[in-house]
1. Go through region 21-33 and report how many residues are in contact (Cβ under 8 Å) with a residue 60 or more places away in the chain and either open to solvent by less than 50 Å² (accessible area, probe 1.4 Å) or not in a helix (DSSP H, G or I) (or both).
2. Taking into account only those residues within region 143-162 that are closer than 15 Å to Ile107 by Cβ and free of Cβ contacts under 8 Å to residues at least 24 places away in the same chain, which is farthest from the chain's Cα centre (by Cα)?
3. Taking only region 34-48 into account, find how many residues are open to solvent by 50 Å² or more (accessible area, probe 1.4 Å), among the aliphatic types (A, V, I, L, M) and more than 10 Å from Arg8 (Cβ to Cβ).
4. Which one of Asp165, Asp140, Asp68 is open to solvent by less than 60 Å² (accessible area, probe 1.4 Å), touching a residue at least 40 places away in the same chain (Cβ under 8 Å) and in a helix (DSSP H, G or I)?
5. Checking the condition under 30 Å from Val84 (Cβ atoms) and touching a strand residue (DSSP E or B) at 6+ places or on another chain (Cβ under 6 Å), which residue from Leu168, Leu176 passes?
6. Take the residues of region 1-18 that are in contact with a helix residue (DSSP H, G or I) (Cβ under 6 Å, 6 or more places away or on another chain) and part of a helix (DSSP H, G or I): which is nearest to Gln45 (Cα to Cα)?
7. Among residues belonging to region 90-110 that are in contact with a strand residue (DSSP E or B) (Cβ under 7 Å, 6 or more places away or on another chain) and open to solvent by 30 Å² or more (accessible area, probe 1.4 Å), point out the one that is farthest from His13 (Cα to Cα).
8. Report, by residue number, each residue of region 180-210 that is part of a helix (DSSP H, G or I) and either open to solvent by less than 50 Å² (accessible area, probe 1.4 Å) or not basic (Lys, Arg) (or both).
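The values are calculated or read from the model by the stated rules, or taken from the named source; none is laboratory data. A quick note: this is a predicted structure, and the numbers were derived from the prediction, not measured. Cβ atoms come from the backbone with ideal geometry, glycine included; neighbour counts cover every protein chain shown. For the accessible areas, the whole protein counts, side chains as well, though only heavy atoms, and no ligand, DNA or RNA atoms are used. Shrake-Rupley method; radii C 1.70, N 1.55, O 1.52, S 1.80 Å.
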Amino acid sequence: ANDVGDIRVATNHVHARYLLPGIVKSFTRVFPSITLALQQCDPAQCRDLIASGDADVGISTIAAKPADSIVTIPVYRLPRCVVVPQGHPLTHEKSLTLKKIAKFRLISNHVTFAGRSIIDEAFSQEGLKPVIACSVTDTDVCKTYVEIGLGIAVLATLAFNPKFDRGLVSLDASHLFRSNILNLVLRRHGYLSRPLESFLSVFAPHIHRDLLLKALDGADINTELLSRRAPVATQQLKA
C-alpha cells in the first residue's frame with residue numbers, strides 16, 4: 001500500500017461516471033499515495049492515447065486488431081436495458097420484443113460508439129429500422145431527452161440508477177441485445193508498473209497477473225473465453 005506514483009486512465013464518460021466512482025474510492029483508500037488521472041475520451045482517442053504512451057491503461061469497448069500496438073483484455077460484460085419515462089406503454093408489456101421497441105422513436109448513442117452498432121445489428125436481423133429521433137454522445141443527455149418524452153433509449157444497464165433516475169424506468173433487454181464487452185486496453189510490450197498493477201488489482205481482481213504479463217508480451221490470450229466468463233459490470237462494483 002506504500003506504492004507511489006500516478007496512473008493515467010483513458011475511458012469514456014459512462015465508465016467514468018457510473019463504473020469507476022466506487023472503484024476509485026476503494027483504490028484511494030488502499031493506495032493513498034497513488035494519484036489517478038482520468039482522461040475522458042471516445043474509443044478511437046483511447047486507442048491513440050494508449051498506443052502513444054500518453055495513458056497507462058484504457059477502459060473501453062474497443063478491441064485490438066492483430067497488427068495493433070495495443071492489447072485488449074475482456075474484463076466485464078455490459079448488458080442492455082430499455083429506458084422509458086414512468087407510465088410509458090412499454091412498462092405494461094409482459095414481454096419486451098424488438099418489434100415493440102421499434103414502434104417508438106429512439107434516442108441513441110452516436111454511431112462512433114460500440115453500443116450503437118450492437119443496437120443497429122439486433123434490429124436489422126429482425127428486419128426492423130427504428131426511427132432515431134436524436135443521437136447523442138452523452139448518456140446523461142440521452143436520459144434527459146427520454147425524460148422529456150422525446151423518445152426511449154437502449155443503454156447499458158450500468159448507466160441506470162433508480163435512486164437518481166427517478167422519472168425513468170429501466171426494462172431488462174439483455175435477451176434482445178448482445179452484451180458489450182468492456183476491455184482493459186494496454187500498450188503492447190508495455191511495462192506493468194507497481195502503481196498500475198495496484199489499480200488493476202482493485203478494478204479487475206479476477207484478472208490474474210500472469211494473464212496481464214502474457215497479454216503485454218503480445219502472446220495470444222483466449223479473449224472469447226474471457227468475454228464469456230466476464231462478470232457483469234455494476235455501479236456497486238468494488239474490490
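1. 5
2. Start the filter on region 143-162 by keeping residues that are closer than 15 Å to Ile107 by Cβ, which leaves 143-156, 159-160.
After this cut, where a residue has to be free of Cβ contacts under 8 Å to residues at least 24 places away in the same chain as well, the list is 144, 148.
Numbers: Thr144: 20, Ile148: 25 Å.
Result: Ile148.
3. Final tally of qualifying residues: 1.
4. On the way: Asp165 fails: in a helix (DSSP H, G or I); Asp68 fails: in a helix (DSSP H, G or I).
One residue alone meets the criteria, Asp140.
5. On the way: Leu176 fails: touching a strand residue (DSSP E or B) at 6+ places or on another chain (Cβ under 6 Å).
Being under 30 Å from Val84 (Cβ atoms) and touching a strand residue (DSSP E or B) at 6+ places or on another chain (Cβ under 6 Å) holds for just one of Leu168, Leu176, which is Leu168.
6. Val14
7. Filtering region 90-110 for residues that are in contact with a strand residue (DSSP E or B) (Cβ under 7 Å, 6 or more places away or on another chain) and open to solvent by 30 Å² or more (accessible area, probe 1.4 Å), the one farthest from His13 (Cα to Cα) comes out as Thr91.
8. The first filter runs over region 180-210 and keeps only residues part of a helix (DSSP H, G or I), leaving 194-203, 209-210.
If the condition is that a residue be part of a helix (DSSP H, G or I) and either open to solvent by less than 50 Å² (accessible area, probe 1.4 Å) or not basic (Lys, Arg) (or both), then Pro195, Leu196, Glu197, Ser198, Phe199, Leu200, Ser201, Val202, Phe203, Asp210 are the ones that fit.
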